[in-house]
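Note sheet for the following structure.
The values are calculated or read from the model by the stated rules, or taken from the named source; none is laboratory data. This is a predicted model, so every value here is computed, not measured. Here the Cβ positions follow ideal geometry from the backbone for every residue, glycine too, while neighbour counts run over all protein chains shown. Heavy atoms of the whole protein, side chains included, go into the accessibility calculation; ligands, DNA and RNA do not. Shrake-Rupley method; radii C 1.70, N 1.55, O 1.52, S 1.80 Å.
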Amino acid sequence: MLTSTQIRGFVFAALSAAFYGTNPAFAVPLYNAGMNPVSVLLFRYLLGLPFLAGILLWRGESLVLARHEFIPVAALGIGMAFSSLALYEAYLHMNPGVASTLLFMYPVLTAILMTTFFHEKFRLITAFCLGLMGIGIYLLMVGPEGMSVSITGIVYITLSSLTYAIYLVMIKVSKTIRSLPTIKSLLWQLFFGAFLFVVMMFFTPYTAPGDLMHWTCLLCLALLPTVLSLLFTMRAISCIGPTPTAIFGALEPITAVVLSIIILGEIITMREVMGGALILLATLMVMLSSDRQ
């Protein structure tokens, strides 16, 4: 029998994943209005800062980083920004729902990075899941009647997933990062990410939101897949632990696919569904086997 705490944890985990899956639903309409990924992400990060700062102030916590925390958090923020940028660039070149599904291969890549660079024991299940993931990627890359998905899109989403895997490894191996309160860490990560996008503005045309609808989309990006997704993740982990919370992360690509069909009018083929299912299966097997170990 599930306890009330466990039920709340499952609800929080589902909401966190669903909110994160709203990224393409709000980003793609901004692209259609003429905004580019760097501009969209700059506003997303900047608008997210007041929410996180307000939460810290409400809790009576300090906003200031210690000197030894500055470089690790800056590196983490820049890594997160590059992962976000590659994902948002991928939306321009392929079905956003498929891109969100391919992004979900990051747990498998994280396991490979930990084995390669930090001497974790290589497990047979990792190799098996890597093979499943490869088959899933192949099914997603080959469209109807032999038509291929954009190679540029595949490169961008692979970079996004790999960069996010590196981001997770940095969190796992850095004692400084692990000792920081999560919201405070994310606040400064968004700050450094926003600073990176400001620098990119010198090399990328700046595009501003044009009307209330565009500002609404930007505010939703800052609130739903950024602030609320994080807060619900934290609450879920406190109620049911990290592994069940991570498993509910499978709702992220599912939400993205459903919203892409309903809001963006995208078409998902059975082949893409099968490819996405294999990637999700491989990811869930890696997470469950890691927890058991």
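For the range 1-81, the gyration tensor built on C-alpha atoms gives an oblate shape. Its axis ratio a/c (a ≥ b ≥ c) is at least 1.5, and a/b is not larger than b/c. Within the listed set Glu272, Glu61, Glu69, the Gaussian network model of the chain (springs between alpha-carbon atoms below 10 Å) gives the highest mean-square fluctuation for Glu61. Dividing the helix sum by the residues of the chain, where each DSSP H run of 4 or more adds -39500 (n - 2.57), gives a mean residue ellipticity at 222 nm of -24500 deg cm²/dmol.
Using the 1.4 Å probe convention, the accessible area of the chain works out to 48 Å² per residue with neighbouring protein chains retained. The fraction of accessible area contributed by carbon and sulfur in the chain is 72 percent, rounded to a whole number (1.4 Å probe; ligands and nucleic acids excluded). Largest first, the extents of the alpha carbon coordinates of the chain on the three principal axes equal 54, 48, 41 Å.
Let's see if you can work this out: charge +1 on each Lys and Arg Cβ, -1 on each Asp and Glu Cβ, no other charges. What is the dipole magnitude of the chain about its Cα centre, in debye to the nearest 20? Can you show the working numbers first?
Numbers: 13 positive and 10 negative charges, 179 e Å.
Around 860 debye, computed over the chain.
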